[in-house]
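Student: Would you mind keeping the following structure in view while I ask a few things?
The numbers here are math on the coordinates, done by the rules we state, and not lab data. Quantities reported herein were computed from a predicted structural model and do not represent experimental measurements. No Cβ is skipped: glycine too gets one built from the backbone with ideal geometry, and neighbour counts run over all protein chains shown.
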Amino acid sequence: MSNQERPVTLPIADCSLCAFRSKTLLMGRCMPGDTCITAESGRQIDRFLRVNPAYAEHFLHDAFWERRAIAVRYAPQKALAELVHDDDEVVRRAVAYRLPVSQLSQLLNDSDREVRMTVADRIAPEALEQLANDPDYIVRLTVARRLPQGRLFRLIRDYDIQVRKVVAERLPEVSLGLMVNDESPEVRRIIAERMSPDDAVLLLGDPDWVVRYTAVQRVAPENLSPLLDDPEPDVRAAVRQRLGDPAQTTIPDVL
């Protein structure tokens, strides 16, 4: 019999050891092997607490980490604050999803990046800058996507290209000149696409030909004569087309 054909054996707990057997079992609110709080099965525990959420707070300090993590989903928010320092990161992740936004600052320096990612995704915008120097780029990426545009400046020189690309996409147009010397051509291409025609002149001499090509499409034609001798054929063709050269009727697809 293959693994796909082999029936799954679900753990079945001993109901005689359950303190709730006289209530939930007799009332049909639990079922051995399916809806059970004492089985070490995440699915069964979740089903039990979904049907009996009033018991969730009782299991917030259970010895089994998965039981605690699932209990966090159903327990009252006011009971979750003491779990921000739980030993298990999965429990703390669940807490980060449910803790009131006003209390998320307690998890800003959590050792688990997924906890901090959740905090960055939920915390109030005015508190986001506290995560701008997070050691993990995924966290800073979330910060870059959520920070108000006028407060993106501190991420302009982030050492991760993905973060800087998001900044380049969101930075106010009047501030794009601050990134024209970014070390990544990918970032400068985004800048070239967004810059005003007057400012895009700064990129006509860029070492990356795609950046120059993009700038050519944006600047006023009177600024293009120096690029008639550009070393890249597609840039020269784009310049001739913008200057109205009848021999150049189409622009090549370079992107």
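Student: If I build a Gaussian network model for the chain, linking alpha-carbon pairs within less than 10 angstrom, which residue out of E126, E57, E114 has the largest mean-square fluctuation?
Tutor: E126
Student: Which value, in debye to the nearest 20, gives the size of the charge dipole of the chain about its Cα centre, when Lys and Arg are +1 and Asp and Glu are -1 at the Cβ? List each step's numbers first, then the result.
Tutor: On the way: 34 positive and 40 negative charges, 243 e Å.
Value, rounded to 20: 1160 debye.
Student: Now for a different question. What is the gain in length, in nm to one decimal, between L243 and R146 on full extension, counting 0.36 nm per residue of separation less the C-alpha to C-alpha distance?
Tutor: Numbers: separation 97, 0.36 × 97 = 34.92 nm, distance 4.11 nm.
Contour length minus the Cα-Cα distance gives 30.8 nm.
Student: Mind checking the full-extension length gain between A19 and W209? Use 0.36 nm per residue of separation minus the Cα-Cα distance, one decimal, nm.
Tutor: Numbers: separation 190, 0.36 × 190 = 68.40 nm, distance 7.23 nm.
Gain on stretching A19 to W209: 61.2 nm.
Student: May I pose another question? Take E114 and D62, extend 7 Å from each Cα along the Cα→Cβ direction, and tell me the distance between the two endpoints in nm.
Tutor: For E114 paired with D62, the spin-label model returns 1.9 nm.
Student: Once the dipole of the chain is set up with Lys and Arg at +1 and Asp and Glu at -1 on Cβ about the Cα centre, which of I45, T118, Q106 lies farthest towards its positive end?
Tutor: About the Cα centre, the residue reaching furthest to the positive side is I45.
Student: Relative to the longest principal axis of the C-alpha atoms of the chain, give the angle of the C-alpha long axis of helix 185-194, reported between 0 and 90° and rounded to the nearest 10°.
Tutor: With rounding to tens, the tilt is 80 degrees.
Student: While we're looking at this one, here's another question. With springs only between Cα atoms under 10 Å apart, run a GNM on the chain and tell me which of L202, L80, L176 wobbles the most.
Tutor: For the chain, modelled as a Gaussian network with Cα springs under 10 Å, the answer is L202.
Student: First select every other residue whose beta carbon is under 15 angstrom from the beta carbon of S22; then total the charges, Lys and Arg +1, Asp and Glu -1.
Tutor: Within the 15 Å Cβ shell, the charges total +2.
Student: Turning to a different aspect of this structure: In deg cm²/dmol and to the nearest 500, what is the mean residue ellipticity at 222 nm of the chain if only DSSP H runs of at least 4 residues count, each as -39500 (n - 2.57), divided by the residue total? Could you put the intermediate results ahead of the total?
Tutor: Values: 10 runs with 94 residues, N = 255.
The helix contribution divided over the chain gives -10500 deg cm²/dmol.
Student: Any idea how far apart Y159 and R98 come out in nm if each label point goes 7 Å out from Cα toward Cβ?
Tutor: 3.8 nm
Student: Next up: Around D230, with a cut-off of 13 angstrom between Cβ atoms, what is the net charge of the other residues, counting Lys and Arg +1 and Asp and Glu -1? Could you put the intermediate results ahead of the total?
Tutor: On the way: positive: R212, R236, R240, R242; negative: D206, D208, D229, E232, D234.
Once positives and negatives cancel, what remains is -1.
Student: Suppose every K and R has +1 on its Cβ and every D and E has -1 on its Cβ; what is the size of the dipole of the stretch 172-244 about the Cα centre, in Debye to the nearest 20? Write down the numbers at each step before the final one.
Tutor: Numbers: 8 positive and 14 negative charges, 52 e Å.
Roughly 260 debye for the stretch 172-244.
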